[in-house]
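Some notes on the structure that comes next.
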Amino acid sequence: MAAKLFTPQLIKRGLEVFFLISLAGFVFTFIYGKNPQAVLDKVLHLHWEWLLVGLVLASMDWIGGGLRLWVVARVVHPRPPIGGMILAGGMSAWAAYLTPLQSGAAPMMIYTMRRFGIPVPVALTSTLMTFIATIAFFGLAGPLAIVFGGGKSLGSKDAVLGLSLYDLYLGTLGVFVVLGVVLIAVIIFPKHMSAAVHKLADWAGRRSTRIAGRLEGLRNGIDQAHESVLAFNTPRGWLALFWAIILSGPSHANKLLAGYVAMRTLGIHANFVDILLLQTLITFLLYFAPTPGASGIAEVLSALIMAAYVPKALTPLYILIWRLILSYFTIGFGFMVFTSWVRKGLKGISTEGEEGLDTA
């Protein structure tokens, strides 16, 4: 269960691993830049107003993500509290930064929603819909950017194995489009998906006494989640999904715009759309990073991909500002929220739908 998954000890360990590996990645950027003095000199001439913009962007993990969650939760719950949904959106991002492969995002979102009275199957469906909205947003926004000529200059910038940055972006976009088609099928054909999950549960029950003992509750959780998904295959549900896709823009604003804002903080000017597309590429690649918050990998990957725009000597400072906007601000605030929960006592998940969370 979420309350058991996110123990203070686990969070402490996640923070330690995140910052230690991030520090190692940060050290790499200093070695890569080969000019620590240039970094120190640039600190005295930062454009601090852009860093304030970055602080506002960091809040989009909470505000944008929460509003999007509220929009979809309204379809399957009469009155989801908007404040609770904003907290769920932010804490989901916080947990993603502290767990490998962002595996803590969905359980923490569900757990936070449960704290505000949302049943687990409903929370599970709402979480799935926000994920579908994310994939659909990138799958739609990417082709539109290309149609309007965005990113063409990336074709002249080599990346790896003879592929340009533009080639890498097109490959990333193709994955988003395929995933979007598969996930939309979940809404259009929920009966088939539910039957498949039932078969999987029965198969797992024959091989695990623990699952077998909970099979009835598991089936109930699947049926409730199925009923929730059915609610989205309606005009109201599709309208909510449409708005969730639109709100995925501000929800991911810090990830998409952190690079551009970091560059402007350093006084570096570049084509806005080109940087936006590169940040989309980086965001996608970091989804599969095995370290908490993609620590270490994010620093190295971003330094290499952004090398065409950020001078080597300023790479360490760029990475630090980028990381502040991308994750450090959210990690700091989320840690304060979680600490207050620990002091008040972590609420457990109720028995109803509990097994559905276990399988999330």
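Is it the case that G66 is among the small types (G, A, S), closer than 28 Å to I246 by Cβ and surrounded by 24 or more Cβ atoms within 10 Å (Cβ to Cβ)? Criteria met by G66.
Filter the range 287-308 for residues that are not in a helix (DSSP H, G or I) and not hydroxyl-bearing (S, T, Y) and give the result.
Keep residues of the range 287-308 that are not in a helix (DSSP H, G or I), which gives 287-291, 295-296.
Of everything in the range 287-308, those that are not in a helix (DSSP H, G or I) and not hydroxyl-bearing (S, T, Y) turn out to be F288, A289, P290, G296.
Applying the criterion of being in a loop (DSSP other than H, G, I, E, B) and not aromatic (F, W, Y) to the residues of the range 309-347, the residue that is surrounded by the most Cβ atoms within 10 Å (Cβ to Cβ) is V310.
Identify the residue in the range 68-94 that is part of a helix (DSSP H, G or I) and of a type in the set (K, R) and, among all such residues, is farthest from L20 (Cα to Cα).
Taking the range 68-94 and keeping what is part of a helix (DSSP H, G or I), we get 68-76, 82-94.
Next cut, of a type in the set (K, R) only: 68, 74.
Values: R68: 33, R74: 40 Å.
Out of the qualifying residues, it is R74.
Taking the range 95-154, which residues are at pLDDT below 85, surrounded by fewer than 19 Cβ atoms within 10 Å (Cβ to Cβ) and in a helix (DSSP H, G or I)? The answer is P100, L101, L140, P143, L144, A145, I146, V147, K152, S153.
In the range 277-286, the condition of being more than 21 Å from L51 (Cβ to Cβ) and more than 14 Å from the chain's Cα centre (by Cα) is met by at least one residue.
Residues of the range 267-286 being surrounded by fewer than 21 Cβ atoms within 10 Å (Cβ to Cβ) and either of a type in the set (G, A, S) or under 23 Å from K42 (Cα atoms) (or both), which ones? The answer is G267, I268, H269, A270, N271, F272. Among residues of the range 34-50 that are surrounded by 11 or more Cβ atoms within 10 Å (Cβ to Cβ), those with a Cβ under 6 angstrom from a residue that is assigned to a loop (DSSP other than H, G, I, E, B), sequence gap 6+ or separate chain, pair up as H47/G267. Residues that are without any contact (Cβ under 8 Å) to a residue 40 or more places away in the chain and under 15 Å from the mean Cα position of the chain (by Cα) were ranked within the range 85-94; the one that is surrounded by the most Cβ atoms within 10 Å (Cβ to Cβ) is A88.
The values are calculated or read from the model by the stated rules, or taken from the named source; none is laboratory data. This is a predicted model, so every value here is computed, not measured. Don't worry about glycine lacking a Cβ; one is built from the backbone with ideal geometry, like all the others, and counts go over all protein chains shown.
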